[in-house]
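See below for the structure under consideration.
The values are calculated or read from the model by the stated rules, or taken from the named source; none is laboratory data. As the structure is a computational prediction, the values presented were derived from the model and not from experiment. Methodologically, a virtual Cβ is constructed for each residue, glycine included, from the backbone with ideal geometry; neighbour enumeration extends over all protein chains shown. Just so you know, the surface numbers come from the protein's heavy atoms only, side chains and all, with ligands and any DNA or RNA stripped out. Shrake-Rupley method; radii C 1.70, N 1.55, O 1.52, S 1.80 Å.
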Amino acid sequence: MKRSRWIVLAIWLPLMALAALIVARARYSSDLSAFLPRSPSASQRLMVGQLQNGLAARLILIGIEGGDAPLRAQVSSRLAASLAAASAFVAVSNGEASSAQRDQQFVFEHRYQLSDTVTAERFSVSGLRAAIGAMLDLASSPAGLLAKSTLSSDPTGETLQIMEQLEPGGGAHSEQGVWSSPDGQRALLLAETRASGSDTDGQEHSLALIRSAFAAALGSSTPGAGSSVTPLRLVLSGPAVFAVSARSTIEREALRLSLLSTSLIVALLLLVYRSATTVLLGLLPVLSGALAGVAAVAIGAGVVHGVTLGFGITLIGESVDYSIYLFIQSRRGVQGAARLQAPSRLWPTIALGLMTSVCGFASLLPSSFPGLQQLGLYSITGLIIAAAVTRLVLPQLLPARLHIRDLAPLGAAAARLLARLHVPALVLAGLGALCALLLYQHRATLWNRDLAALSPVPAAAQALDAKLRSELGAPDVSNLVVVSAPDEESVLQRAQGVAQQLDGLVAAGVIAGYESPTQYLPSRLTQAARRASLPDAPTLRARLATASSSLPLRAGALDDFVNQVAAARSAPDLTRADFEHTSMGLALDALLWQQADQWYALLPLRAPDAEGAAGDIDIARVRAALATNPPGSVLALNMKQETDALYGGYLRQAARLALAGFAAIVLLLSAVLRSLARVTRVIAPLALSVLVVSAVLVLTGTELTILHLIGLLLIVAVGSNYALFFDRRAADHDSAGLPLTLASLLIANACTVIGFGVLASSPVPLLSALGSTVAPGALLALWFAALLTPRAVLAAPGAGTAG
């Protein structure tokens, strides 16, 4: 082996080993930070924070179906106990009496700090008379069991008031002592994971624990004598379920489709090369580029986003072309194929094609979105390394007796066919203008700015989630108010002020209600005010004697009440730690949290009913009502509007950067080719392909997404190579080497169409959008480039293989 070969291999192999090591040790993420601007607004930070770590992102909705009610209740109890003992869960609730009694006892003990009806007026003579009278009426009714049991110690009904305050919708239906669906056919549980919503691995572990705990609970349960033979079935839903399922679906589809497309491409190359060695060598640039691309992102960004890895499958679309051009277009030396000699213009043409691709993807680097930056860095690095390995490494690895089938006859046949086809340039220009007009007419609906359009979650799964959420009364954070302040006490005080403003919206019917952390933990200032409103023991006894004179109740029967009010006057402040062993702690942790040096209180809003279903909230009216608060301290968010706005900004910036990249390509070609005709000959087929593909997508009712945009960028990147090869032949007035050029372009194009055509069949929107854009676009780019080549170049191609 020549010394130059040893030098090349001594550089390439250690670099690839280093890249593989970096890839193996890199940190990977599938959270939404790839869609968060580098300098996000306050609402964007809060929105993404809620999607990552908020209450909704950490709740798993659990249903048990089948069997009969006693069996479901038995399994529900065992499952809840098992999960509550697991460190992966912060809290698990299924409505069991023991949990409810624990919460009720806590509320009873702290009722004078928790109840918002505790005022000086409430404990006046008239206030006591009205409150005790209402409790007596309730105690004498069929629904007054709790009122009757607490009458002597809580005659003003503070415990009942708080319980109603904490469950304004009545809570979930209960059957056999556990939560159940209203029709009694499903037992229900609610679990909060310790893992954040962005920790997909942690959420997957939590789901596995639930499934294994259900299997164990089922195995240790005993069906009753009359139990249904229908087997029990576990139903899971929630953002964590969706995230894990989506990741699994995308990984499974990407692997399946990658194997299928790779198998088809390898089969095609085996048919072409008739050599397994050549096929393997031809894939080395692809592997090298992919490793280098991921390693560059890991070094440059510190974390590799899942969207970047998903984009990696597309790198094969262009990088595999380089080895195809080398193997097919090279001359054969007298000492065998190891002496392959590339035509004199091959590497300059490939280099210019590479530079156009780099210009296109470099436009993504200035993006304020890390996701776009990573795609740009990955593509640029991968393509440069793939081209370098093709140019420098492959020739050093070719075996002495390598044989590649002569494809000149295929190319010659293609040239003769193209020479007979004649489409005037004006017709193609008219086609482009027609497509552009169509896109302009549909400009208002051209782009889909709904982030849900990219979701792989089936509609049936979303419907099940809505049903379970409704049955459980789980919090809906579609609309919410976020209050911020520098410390816990300040944020609670501010949240109480906001609650008063929201009460006005409830009265006006703008919202049906809201939830606030102050319903669980009032501010210390409020707790102090409530304690101060409680009369001392002598005063309270005197007032009770007067108030009870007209009521069927002896004043002396309320001695427990007097003593407990006296004790409450000097009770210490309630803190978050006091809620640790109650199910209310679950809600409090979700509604009140600290991030960095700022505290946040979350107030989810309930939409008013509209014909039996939850309607929409006019978030603009909510913002107007809260406008008097200090700027930036109170934000009203509609999560769908916020996510769609964020994605819309992502899409708009990507479109602007893609146009800037296209302009850079035009400038590059102008500087290198120095001919308006040649630049037009290269750019026209790319522009036509993009316009036609976009128009066809619109005509078929498809709204374009960010993945379609990336696909259009790939059409330009891949298609530029085709156009440049045809332009080189036209500029040199050279048809001698055209058969091999055409053959290499046909094989390269077939590999690209196969790879992306397979993606188009995927049920995952992310993958199908990419495939349905690039596959036809690459085919059209080759076709239009050939049609715009002068007929004279194609009319009499040489039959030889010289380039």
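Give me the accessible area per residue for the stretch 369-501, probe 1.4 Å, as a whole number in Å².
Values: 6220 Å² over 133 residues.
The answer is 47 Å² per residue.
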Solvent-accessible surface ranking, highest first, for S761, S206, S772 at 1.4 angstrom: S761, S772, S206
Output ordering of 242-251, 565-574 (per-residue mean of other Cβ within 10 Å, highest first) is 242-251, 565-574
For A671 and Q185, compute 0.36 nm times the residue count separating them, minus their Cα-Cα distance, and round to one decimal in nm. 167.7 nm
How much accessible area per residue does the stretch 652-700 have, counting only protein heavy atoms and a probe of 1.4 Å, in square angstrom? 47 Å²
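Full extension from L255 to E489: what is 0.36 nm times the residue separation minus their Cα-Cα distance, to one decimal in nm?
On the way: separation 234, 0.36 × 234 = 84.24 nm, distance 5.14 nm.
Roughly 79.1 nm would be gained on extension.
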For the chain, give the percent of accessible area contributed by carbon and sulfur heavy atoms, probe 1.4 Å, rounded to a whole number. 61 percent
Just grab the label-to-label distance for Q462 and A216, each label 7 Å out from Cα along the Cβ direction, in nm (one decimal). 3.6 nm
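When you count, for each residue, the other Cβ atoms within 10 Å and take the mean per peptide, how do 288-301, 739-752 rank with the highest first? If you can, show how the numbers build up before the last one.
Working: 288-301: 22.9, 739-752: 25.0.
The densest-packed peptide leads the list: 739-752, 288-301.
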So what is the accessible area of the stretch 557-639 per residue, in Å², with the probe set to 1.4 Å? 50 Å²
Would you please classify the overall shape of the stretch 377-447 from the alpha carbon gyration tensor, given that a ≥ b ≥ c denote the square roots of the eigenvalues, rounded means a/c under 1.5, and beyond that prolate means a/b larger than b/c while oblate covers the rest? oblate
Given R₀ = 25 Å, FRET efficiency for A577-S87 by Cβ-Cβ distance, to 0.05? 0.85
What number, rounded to the nearest 500 deg cm²/dmol, is the helix-based mean residue ellipticity at 222 nm of the chain, given -39500 (n - 2.57) per DSSP H run of at least four residues and division by all its residues? -20000 deg cm²/dmol
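Which percent of the Cα-Cα distances in the chain go past 45 Å?
Values: 136881 of 322003 pairs.
Across the chain, Cα pairs with separations above 45 Å total 43 percent.
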Take each of the peptides 415-422, 585-592, average the number of other beta-carbon atoms within 10 Å over its residues, and list them starting from the highest. 585-592, 415-422
Could you tell me the accessible area of H708 in Å² (1.4 Å probe, neighbours in place), rounded to the nearest ten? 10 Å²
Just reorder K148, K467 by solvent-accessible area, largest first, 1.4 Å probe, all chains present. K148, K467
